[in-house]
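Reviewing the structure listed below.
The values are calculated or read from the model by the stated rules, or taken from the named source; none is laboratory data. From a predicted model like this one, the values you see are computed outputs, not experimental measurements. Counting neighbours? That spans all protein chains shown, and the Cβs are built from the backbone with ideal geometry, glycine included.
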């Protein structure tokens, strides 16, 4: 089984809200629309921390210092249209202010085409919806 390694951020603001992106996942069976944490694939010769810093700049236009190591890791089985794989996701805690200017200027064409939203969520709000992953992020809000 193919494994795709990813680095992702649990981004929390001063109000203890989490920043999530909503994407339409067209390359998975069922074309799911989900709220997810920012991040993405780890390129060859990158550490997870380096990959996350790159991804946060590309997806949100922010430069961050990661003050600690990963907070958790998940292996997620994905049923893709081109074949199934495991997404090995390494999560880091990141803190930014809610008024931080975010930019999607550097995202890829595919991300531009599939990005549907960006929102700060409280824990109470997230507990009322079922289209966000992973559920484990509730433990870090």
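Observations on the model:
- Residue 95 meets the conditions (1) out of contact with any strand residue (DSSP E or B) (no Cβ under 9 Å at 6 or more places or on another chain); (2) modelled with pLDDT of 90 or more in every case but one. The failed one is (1).
- Failed item, numbered, when residue 123 is tested on (1) touching a strand residue (DSSP E or B) at 6+ places or on another chain (Cβ under 6 Å); (2) in contact (Cβ under 8 Å) with a residue 60 or more places away in the chain: (1)
- Consider the stretch 29-68 and keep the residues that are touching a helix residue (DSSP H, G or I) at 6+ places or on another chain (Cβ under 8 Å) and either over 25 Å from residue 109 (Cβ atoms) or exposed (fewer than 14 other Cβ atoms within 10 Å of the Cβ) (or both). The one that is modelled with the lowest pLDDT is 66.
- Check on residue 40, assigned to a strand (DSSP E or B) and free of Cβ contacts under 8 Å to residues at least 40 places away in the same chain: yes
- Residue check for residue 15: surrounded by 15 or more Cβ atoms within 10 Å (Cβ to Cβ) and either in a loop (DSSP other than H, G, I, E, B) or more than 13 Å from the chain's Cα centre (by Cα) (or both): no
- Residue selection: residue 133 satisfies the criterion of being modelled with pLDDT under 95 and under 18 Å from residue 17 (Cβ atoms).
- Scanning the stretch 99-119 turns up no residue that is more than 17 Å from residue 13 (Cβ to Cβ), over 15 Å from the mean Cα position of the chain (by Cα) and in a strand (DSSP E or B).
- Some residue of the stretch 83-101 being closer than 28 Å to residue 31 by Cβ and loosely packed, with under 14 Cβ neighbours inside 10 Å: yes
- Those residues of the stretch 49-96 which are in contact (Cβ under 8 Å) with a residue 12 or more places away in the chain and in a helix (DSSP H, G or I), in sequence order: 49, 51, 52, 53, 55, 56, 57, 58, 59, 60
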